[in-house]
Structures are given as C-alpha cells and as structure tokens.
Amino acid sequence: MKLIISAFLSLAALLAGNSSSAAESKTPASNWQLSAADGKPVKLSDFKGKVIILDFWATWCPPCRAEIPGFVAIQKKYADKGLTVVGVSVDQQGASVVKPFMQQLEMNYPVVLANAKMIGDYGDIGSIPTTFIIDRQGNIVSVHQGFTDRATFEGQIQSLL
C-alpha cells in the first residue's frame, strides 16, 4: 500500500509541475552543440540574445506530449519578439522516432537530440518534462519539472522579452 501511495504522490507531483527560480543566482546556461532531428548541428550560441524555452522531453511521455501544443503556440506568438523554443529529445531511438513525431504534432521549433553530457550539464534531468527558461543574457531564470501549462510559461517570458 505504501508503494502505491508513493507512486501516486510521485505521479501527482510530476503532473502538477514544480517550478524553481534561478534568477537570484543568475546561473549561466551550459553551452552545448547537438544534432537536430534533421541531422544538422545546432548549438546554444545559435540563439544568443534570445529568450529560450529549453524543454527536455520524449515522444513516449504523456505530460511532454501535452505541453507541446502550448510550445507551438508560444513559438508562433513570440518568435518575432525574440523568443525561441528548443526541444531536447531524450528518446533513445533518436531521429527515427523524433522526426515523424515532430511532423505529426506540427512542431514549429528546433528539436535537438540529447546526449549524456548535456543532460549532466543541466543537472542530470531526473524527470521529464523538465523545462528551463533562459534570458537574453544566457542565464537560467527558472526550471519547471513536470507538466506546466502554457499560461505559466507566457507569464514568465513576458518580462524577459
């Protein structure tokens, strides 16, 4: 019974989402260079001067899938104001599962394929989705673990744009 309650509480925390602010410490985002789902190299510095929503996710993750339509809408609404959503797929099968998934959900933002170094650099991502908000200076200003709704992300990026 304790195991069932523990599993339920873990699931509830994941679905409710947890947020923390890194604004006080101005934690710089770790630089990276990874392959995009289309095989082209992408690096964090490609987005220098932009506000970035960096989302660690997987195709098989229901809360991740639930967040993606919000990210598509945010990218569409705020791209011309200096925002870029970047998806970081942790799918072990790589581009073979990510590319068709991106087409199916009409993802309009870059998606890169994570590696162990990047995951470690961002704190050994313990659950997905985990999403980082990065300001124009390249500092992590907040971290969200678990499903987070579109309105929360929009509220946080408004002052950064």
Q.
Could you derive backbone 3J(HN,Hα) for segment 99-114 from the dihedral phi with the Karplus parameters 6.51, -1.76 and 1.60 (θ = phi - 60°), listing whole Hz in sequence and x where the residue is Gly or Pro?
A. 4, x, 5, 4, 5, 4, 8, 6, 5, 9, 9, x, 10, 10, 9, 5
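Using Cα pairs closer than 8 Å and at least 6 residues apart in sequence, work out the relative contact order for segment 43-161, in percent.
Values: 186 pairs, mean separation 42.9, N = 119.
Reported as a whole number, the value is 36 percent.
Read-outs: derived from the displayed coordinates by stated rules, not from any lab. Bear in mind the structure is a predicted one, so any value in this text is a computation, not a measurement.
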